[in-house]
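Student: This is the structure, below, for whatever I ask next.
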Amino acid sequence: MSDTDSVRKDRVYDPDIEHAFPDERLNEVLETVENDAEIQAYLDAQNVNPVTRKRYNDHGSKHISIVRNRALCLYDLLKAGGVTFNGAGDQGLAEADESVIIALAATLHDIGHVVHRTDHPYYSIPLAADVLDRLLPEFGWYDVEERVRLKGEVLHAILCHHTAEMPLTLEAGVVRISDALDMEHGRSRRPYEQGGRGINTVSSQAIRELSLRAGDDVPVVVEIEMTDAAGIYQVDSLLMAKLTDSGLEDDVRIVAVTTREPDKQLVERVEL
């Protein structure tokens, strides 16, 4: 992402503005996570297997930052659109914990990559559980039972982000979708420059820009601009696949636009 992109309101969660949900707990959690040495070490180390060794797309700290930001922006739009979440509520937790579950799951969902790229969500579960057991007692508003319930919801969202297991909560659905919202060309720059030419790398190179906005008849519209038809793999095989069975299929619409060289004056629009 460029410096200009990084300040767009549809891309970056801003703790200082008003949101459609209670954000005090979330903002404290985010500050703690950003200053946690163990978590930050994981976010760097987890990039070695996918990028350095397999020449796959970025799964390190930049990916996590993008996924977490877009998850929180997506959650905010859904809340503003009247969507009722169930993960925290089913466990008797507060509404303020919905965004905490999303943020922690988005932060820790890929740490299993330090073990292996293959089946990494299953490796992420025990590693994230250890981190959460240490981290959650730092927040004085949770008792032992609430910490157990919150941890379970975070681990559920981590598991369901990239596996056949279907999300049973909308918090998990948000994390699942947001993992695929990091698809722009910057994500594949390193493996592409190192010679990686797999479909994930090539298709990511074709994605110029992605944005989130409120829709007229759905809470959220995801707009994707592609410079080449190769980008449809990112849109259909990755993003659309994760939207399916997320629990949010009726609340999120994907619109992909392919723009070619200006002299060809060709614009193709696909709605999924």
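The values are calculated or read from the model by the stated rules, or taken from the named source; none is laboratory data. For clarity, every value in this text was computed on a predicted model and none was experimentally measured. When we count neighbours, we look across all protein chains shown, and the Cβ atoms used for this are built from the backbone with ideal geometry, even at glycine. Surface areas here come from the heavy atoms of the whole protein model, side chains and all, with no ligands, DNA or RNA. Shrake-Rupley method; radii C 1.70, N 1.55, O 1.52, S 1.80 Å.
Student: Assuming GLU225 fulfils every condition listed in (1) farther than 14 Å from LEU74 by Cα; (2) surrounded by 15 or more Cβ atoms within 10 Å (Cβ to Cβ); (3) at pLDDT 90 or above apart from one, which condition is it?
Tutor: (3)
Student: Kindly state which helices (runs of 4 or more DSSP H) lie completely within the range 1-78 and contain at least 2 residues that are over 21 Å from LEU132 (Cβ atoms) and hydroxyl-bearing (Ser, Thr, Tyr).
Tutor: The qualifying helices (runs of 4 or more DSSP H) are 3-6.
Per-residue answers, yes or no, for (1) in contact (Cβ under 8 Å) with a residue 24 or more places away in the chain; (2) over 16 Å from SER124 (Cβ atoms):
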site: TRP141; (1), (2): yes, yes
site: GLU145; (1), (2): no, yes
site: VAL148; (1), (2): no, yes
site: GLY152; (1), (2): yes, no
site: MET166; (1), (2): yes, yes
site: ALA172; (1), (2): yes, no
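Student: Looking at ASP76, ASP14, ASP90 in this structure, which one is closer than 19 Å to ASP179 by Cα and modelled with pLDDT of 95 or more?
Tutor: ASP76
Student: Residues of the range 3-60 being hydroxyl-bearing (Ser, Thr, Tyr), surrounded by fewer than 16 Cβ atoms within 10 Å (Cβ to Cβ) and farther than 17 Å from ILE101 by Cβ, which ones?
Tutor: THR4, SER6, THR52
Student: Same structure again: Select the helices (runs of 4 or more DSSP H) contained entirely in the range 93-194, then report the ones holding at least 2 residues which are of a type in the set (Phe, Trp, Tyr). Spell out the reasoning first.
Tutor: Details: elements: 96-108, 120-135, 144-159, 170-180, 189-193.
Of the helices (runs of 4 or more DSSP H) lying wholly inside the range 93-194, those with at least 2 residues that are of a type in the set (Phe, Trp, Tyr) span 120-135.
Student: Being among the hydrophobic types (A, V, I, L, M, F, W, C) and either open to solvent by less than 10 Å² (accessible area, probe 1.4 Å) or touching a Pro at 6+ places or on another chain (Cβ under 7 Å) (or both) is the filter here; which residues of the range 81-121 pass it?
Tutor: Result: VAL83, ALA88, ALA96, VAL100, ILE101, ILE102, ALA103, LEU104, ALA105, ALA106, LEU108, ILE111.
Student: Is at least one residue of the range 153-165 more than 20 Å from THR118 (Cα to Cα), crowded, with 16+ Cβ neighbours inside 10 Å, touching a Gly at 6+ places or on another chain (Cβ under 9 Å) and modelled with pLDDT under 95?
Tutor: no
Student: For the range 234-259, which positions are open to solvent by 50 Å² or more (accessible area, probe 1.4 Å) and more than 18 Å from the chain's Cα centre (by Cα)?
Tutor: Answer for the range 234-259, where residues must be open to solvent by 50 Å² or more (accessible area, probe 1.4 Å) and more than 18 Å from the chain's Cα centre (by Cα): just ASP250.
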